[in-house]
Amino acid sequence: MPHLLAPYGAVLLASFGGPDGPDEVMGFLRRVAEGTGVPEARLAAVAEHYYARGGVSPINAANEALRAALADELARRGVLVPVLCGNRNSPPEYGDALDAACRAGAQSVVAVVTSAFASYSGCRQYREDFAAASAGRDLVIDKVRPFFNHPGFVAANVDALVDACAGLGQVDRVVFVTHSLPLAMQEGSLACGPGYVAQHLDLAEQVVAGACGRLGVPAWGWDLTYCSRSGSPRQPWLEPDVNDHLPVLAAQGVRRVVLVPFGFVCDHMEVVNDIDDEAGATARAHGMTVARAATAGTHPAFVSGLVDLLVERAATARALAAGDPLPERARVGALPALPDRCPADGCRREAGVDTGRPAGCTDIPLPLL
């Protein structure tokens with residue numbers, strides 16, 4: 001009897017990557033910035049964030065923990081296939097993971113990426129990466145849909161907010177934080193339906209409602225803010241930056257704030273540097289007490305939800321091959337589940353613009369994660 005992931009013979013956990021030591025930092029950052037025109041001085045400044053932590057990005061250990069958790073959950077459901085990590089900018093690279101999948105006998109791979117949201121850098125660029133990595137290999141790669149409104153991801157963020165509030169006591173304001181993007185990328189994300197900003201707003205509504213319902217309190221006021229802007233100051237990006245917004249709240253008398261980094265699935269450099277260190281310092285400098293909610297990480301609901309998405313993608317592939325009705329797709333909130341297969345014009349770097357450049361090349365300076 002075929003297993004739940006048939007026709008897929010392996011799972012790829014695809015991520016951005018990061019350095020594992022000081023000697024890898026600048027090479028990693030140069031690879032991230034290749035073709036973008038980001039000056040060496042900017043890379044050197046970002047490198048200091050890594051050197052302050054021994055030159056090691058937290059993302060690699062977090063991805064390995066998630067990979068192992070996914071493998072365990074699949075095994076619990078009777079699915080014994082390789083679950084492999086592959087990165088855009090550091091070892092193990094996508095090609096390494098695909099070679100391992102081929103050696104295991106897989107003819108098709110289902111990928112889950114460490115971004116919950118649809119945008120160029122969170123969706124389309126991964127698909128470009130997969131197309132480039134699979135060239136010359138007799139292998140099909142399909143990707144699960146963006147999962148910002150999947151019940152498992154929402155549940156993990158609700159639990160995180162509840163736990164953070166318990167540590168803070170009284171809550172004056174909840175400040176959600178995600179990665180900023182150039183406005184051109186926000187416009188490009190609209191081709192898939194609800195854009196990058198709308199996805200975050202929908203998730204924030206569900207997380208606040210879920211946490212307040214659990215705690216039996218009236219809904220808190222909340223805001224969506226951004227972090228980790230990079231690139232030319234002449235290019236407009238999504239705002240407000242969390243470090244600009246916290247002083248505004250302090251001036252309004254807000255004293256107890258929960259920071260919720262729900263735009264990230266694990267604690268990597270943006271979270272520990274831009275939110276824990278920089279935003280935390282900003283809050284304290286303005287007389288605020290701040291608690292930081294956890295990222296989804298290996299929360300059981302998140303892990304189970306990702307496996308549900310893998311199973312859903314496999315069921316969709318089987319239904320399409322057989323001409324059967326497509327499976328239902330779980331989601332919560334006001335927005336629909338996004339497509340399993342993105343439209344041809346989905347998540348471009350700019351609305352209606354496709355430069356035809358190969359994977360990894362862009363005119364827009366991408367975030368330095």
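The values are calculated or read from the model by the stated rules, or taken from the named source; none is laboratory data. Predicted, not measured: the structure shown is a model, and the values here were computed from it. Counting neighbours? That spans all protein chains shown, and the Cβs are built from the backbone with ideal geometry, glycine included. SASA here: full protein model, heavy atoms, side chains in, ligands and nucleic acids out. Shrake-Rupley method; radii C 1.70, N 1.55, O 1.52, S 1.80 Å.
Of the residues LEU43, LEU320, LEU246, the one that moves most in a GNM of the chain with alpha-carbon contacts below 10 Å is LEU320. Helix 300-322 and the longest principal axis of the Cα set of the chain meet at an angle near 40°.
Each Lys and Arg Cβ is given +1 and each Asp and Glu Cβ -1; about its Cα centre, segment 192-249 then shows a dipole of about 100 debye. The order of the peptides 63-69, 99-105 by mean Cβ neighbours within 10 Å, most packed first, is 63-69, 99-105. Once backbone amide H atoms are built at 1.01 Å from N, ALA291 has VAL257, VAL258, LEU259 as its partners under 5 Å, excluding neighbours fewer than 5 places away on the same chain.
For the chain, what % of the accessible area comes from carbon and sulfur atoms, probe 1.4 Å? Looking at the chain in its full context, I get 54 percent from C and S.
3J(HN,Hα) along segment 332-343: 10, x, 7, 9, x, 5, 6, x, 5, 10, 5, x Hz, from the Karplus curve 6.51 cos²θ - 1.76 cosθ + 1.60 with θ = phi - 60°, whole Hz, x for Gly and Pro.
Using just its DSSP H runs of length 4 or more, each adding -39500 (n - 2.57), the chain gives a mean residue ellipticity at 222 nm of -12500 deg cm²/dmol after division by all residues. Each residue of segment 137-143 is assigned a 3J(HN,Hα), and the resulting list reads 10, 7, 8, 9, 10, 10, 10 Hz, derived from the Karplus form 6.51 cos²θ - 1.76 cosθ + 1.60 (θ = phi - 60°), x at Gly and Pro. For a Förster distance of 56 Å, can you work out the FRET efficiency between the beta-carbons of ALA251 and ASP96, rounded to the nearest 0.05? Efficiency at R0 = 56 Å is approximately 0.65. In the context of the full set of protein chains, residues of the chain present 39 Å² of accessible surface per residue (probe radius 1.4 Å, heavy atoms only).
Here ASP324 and ARG77 are evaluated by their C-beta separation; at R0 = 25 Å the FRET efficiency comes out at 0.70.
Applying a DSSP loop filter and a limit of 11 other Cβ atoms within 10 Å to the GluC sites (Glu not before Pro) in segment 255-351 leaves GLU328.
Seen against the Cα atoms of the chain and their longest principal axis, helix 94-103 is set at about 30 degrees. Give the label of the value calculated from the structure for log10 I(q)/I(0) by the Debye sum over Cα atoms at q = 0.08, 0.10, 0.12, 0.13 Å⁻¹, choosing from (1) -0.39, -0.60, -0.85, -0.98; (2) -0.39, -0.62, -0.91, -1.07; (3) -0.50, -0.76, -1.01, -1.13. The value matching this structure is (2).
Summary of the geometry: segment 1-46 and segment 284-322, compared by the centres of their Cα atoms, lie 20 Å apart. Structural descriptor for the chain: relative contact order 26 percent, calculated from alpha carbon pairs under 8 angstrom and at least 6 residues apart. What is the angle, in °, between the Cα long axis of helix 40-51 and the longest principal axis of the Cα atoms in the chain? Nearest 10 is fine, range 0 to 90. Approximately 90 degrees, to the nearest 10.
Once the Cβ-Cβ distance of ARG284 and GLN170 is raised to the sixth power relative to R0 = 25 Å, the FRET efficiency obtained is 0.90.
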